[in-house]
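Since the structure comes first, as structure tokens, the remarks are kept for the end.
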Amino acid sequence: MDMQTTYEVEETQYVPSSRKKIRVAITHGDTNGVGYELIFKTFSEPTIFELCIPVVYGSAKLATYHRKAIESNTNFHLIDDAAEATEGELNVVNCFDREIAVALGHASADAGEAALVSLEAAVADLKAGKVDVLVTAPINKASIQSDKFHFPGHTEYLQSHFGGESLMILTNEHMRVALVTTHVAIKDIAAAITPESVEQKARQLYNVLRHDYLLASPRVAVLGLNPHNGDEGTIGSEDKDIIVPVIQKLQEEGLPVFGPYSADGFFGAGHYTKFDGILAMYHDQGLAPFKALSMDDGINYTAGLNIVRTSPDHGVAYDIAGKGIASENSFRQALYAAIDIFRNRAIDAEVTADPLPKLYQDRREDERRNFVQRPEKRTEDAAQN
């Protein structure tokens, strides 16, 4: 991903008001996985320090172990507090100093505890304003469970700590896929697809695309729930009874939201390239095609919160842990995305605070509302006039 120093918003270039380097909190994840390898490989390139000040929440002993295991030459700077972080260094806050055995490629309670301590420390510093954004290395969702962590994953944990309503988005340079339901069992998905949930997530995705990605009028595609969108109710009624009415309601309000589309044909025919965002009904409906098409450059963005959190879109990779062959590309893209989104939010706040651009924004809203009206609605309006 190429970092941009200027951003185009509605034909006007805006430059971030602050040129300070963004402090990126990084958790080390499951310590029996590839977390440290991703970190060391990402920061082996000196130019990346021009973009940010990394602060890894981890362990000096564990970092040293992994550095030796993968034969990395990347050095790190041990600190006691994020406030001590130094520019040009891979800073490591020694927040987990308990002696534990490293069992590369295997789940363990110790590795789960180390992952949780790292996450707790990073979240505490985010709340305190010591760091700006969060990038998380992969965790084992089973071994991290404890009295302090009883969530299906990072997304739900972070929502419990920060304001807003989380929206899981898988994204790369060509595609952004959001989910109505996330970590929900297949047998419970249909019951979770309600007019309220679909409408709320569709609106949220549209707003995220505008404010976090600076897209003036993003096009959103909504996928159906059942095969072939239910075939008019013969394979389930959720599509025609729930999803279609929501899309019609949003279109009548002027939002460029379209669908529902049958997931197999939508991705198979390449229709995803025609939209700025895609709303899938459930986890595998969105993630399976995304990961198949994104190769190793996809990332996970937890949108909708008052903080920015990203992560690579893969798991702990126990099968290759400690072998030095893990690709750091997804982790690097997650780092870039966190920086971009943080800056975009600052730009958006600056733009929307000025009433004059807001006037022109309102006019563009009216123009877009007329454009996306259903054909029969435009005909009715013309007849009345």
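Mind checking which lysines have their C-alpha under 29 Å from LYS68, skipping anything on the same chain fewer than 8 residues away?
Result set, ordered by chain and number: LYS41, LYS141, LYS323.
What lysines sit close enough to LYS127 to cross-link, taking a C-alpha to C-alpha distance under 18 Å and skipping anything fewer than 8 places away on the same chain?
Hits, sequence-local ones excluded: LYS148.
Taking the Cβ of ILE299 as the centre, find all other residues whose Cβ is under 14 Å away and add up their charges (Lys, Arg: +1; Asp, Glu: -1). Before the final figure, lay out the partial values.
On the way: positive: ARG176, LYS291, ARG309, ARG332; negative: GLU173, ASP212, ASP296, ASP297, ASP313, GLU328, ASP340.
After counting each charged neighbour, the total is -3.
When each pair of different Cα atoms in the chain is counted once in the 1/r mean, what is the Kirkwood radius in angstroms, to one decimal?
On the way: mean 1/r = 0.0451 Å⁻¹.
Here the Kirkwood hydrodynamic radius works out to 22.2 Å.
For HIS66, HIS150, HIS161, what ranking results if the residue with the fewest other Cβ atoms within 10 Å of its Cβ goes first? Mind showing how you got there, number by number?
Numbers: HIS66 25, HIS150 11, HIS161 14.
Neighbour counts put them in this order, fewest first: HIS150, HIS161, HIS66.
For region 58-163, run through the GluC sites (Glu not before Pro) and keep only the ones in DSSP coil with at most 14 other Cβ atoms within 10 Å of their Cβ.
Details: sites: GLU71, GLU84, GLU87, GLU89, GLU99, GLU113, GLU120, GLU156; in loops: GLU71, GLU87, GLU89, GLU99.
Answer by residue number: GLU71, GLU87, GLU99.
Over the chain, what relative contact order in percent results from Cα pairs under 8 Å that are six or more residues apart? Display every interim value, and only then the final one.
Values: 703 pairs, mean separation 82.8, N = 385.
Over the chain, the number comes to 22 percent.
Treating the beta-carbon of each Lys and Arg as +1 and of each Asp and Glu as -1, no other charges, what is the dipole magnitude of the chain about its Cα centre, to the nearest 20 debye? Walk me through the numbers before you get to the answer.
Working: 36 positive and 55 negative charges, 43 e Å.
I would put it at about 200 debye.
Would you pull out the residues with amide H under 5 Å of VAL308's amide H, same chain only if 5 or more places away, H placed 1.01 Å from N?
Under 5 Å from the amide H of VAL308 lie the amide H atoms of LEU134, each far enough along the sequence or on another chain.
Which lysines have a Cα lying under 18 Å from the Cα of LYS130, excluding residues fewer than 8 positions away in the same chain?
Within the straight-line cut-off, LYS130 pairs with LYS20, LYS21.
Enumerate the amide H contacts of LEU225 below 5 Å, restricted to partners 5 or more residues apart or on another chain; note that Pro and chain-start residues carry no placed amide H.
It is ASP239, by chain and number.
Of all the C-alpha pairs in region 174-295, what % are more than 23 Å from each other?
On the way: 1734 of 7381 pairs.
Distances greater than 23 Å cover 23 percent of the Cα pairs.
What is the local net charge at GLY277, summed over the other residues whose Cβ is closer than 12 Å to its Cβ (Lys, Arg +1; Asp, Glu -1)? Don't skip to the end; give the middle numbers.
On the way: positive: ARG176, LYS201, ARG203, ARG210, ARG219, LYS274; negative: ASP212, ASP276.
Around GLY277, the charge tally is +4.
Considering amide H positions built from the backbone, and no H for Pro or chain starts, which residues 5 or more places from HIS77, or on another chain, come under 5 Å of its amide H?
So HIS77 has HN proximity to LEU90, ASN91, VAL92.
What's the magnitude of the charge dipole for region 174-295 around its Cα centre, counting Lys and Arg as +1 and Asp and Glu as -1 at the beta-carbon? Answer in Debye, nearest 20. Show your work: numbers first, answer last.
On the way: 10 positive and 14 negative charges, 91 e Å.
That gives region 174-295 a dipole magnitude of about 440 debye.
Counting Lys and Arg as +1 and Asp and Glu as -1, what is the net charge of the other residues whose Cβ lies under 10 Å from the Cβ of LEU225? Please list the in-between numbers first.
On the way: positive: none; negative: GLU238, ASP239.
With Lys, Arg at +1 and Asp, Glu at -1, the neighbours total -2.
Checking understanding here: applying a Kyte-Doolittle mean of at least -1.0 and a length along the axis of at least 18 Å (C-alpha), which whole DSSP H helices in the chain pass?
Details: long enough: 109-128 (29 Å, 0.76); 195-211 (24 Å, -1.15); 329-352 (34 Å, -0.05); 355-372 (26 Å, -1.82).
Those that clear 18 Å and a mean of -1.0 are 109-128, 329-352.
Restricting to lysines 8 or more places apart or on different chains, can you count the pairs in region 174-295 with Cα atoms under 21 Å from each other?
Qualifying lysine pairs in region 174-295: 7.
Read-outs throughout are calculated quantities, based only on the coordinates presented, and are distinct from any laboratory measurement. Remember, it's a predicted structure, so these values are computed and weren't measured experimentally. FYI the Cβ positions are ideal-geometry reconstructions off the backbone, even for glycines, and counts take in every protein chain you see.
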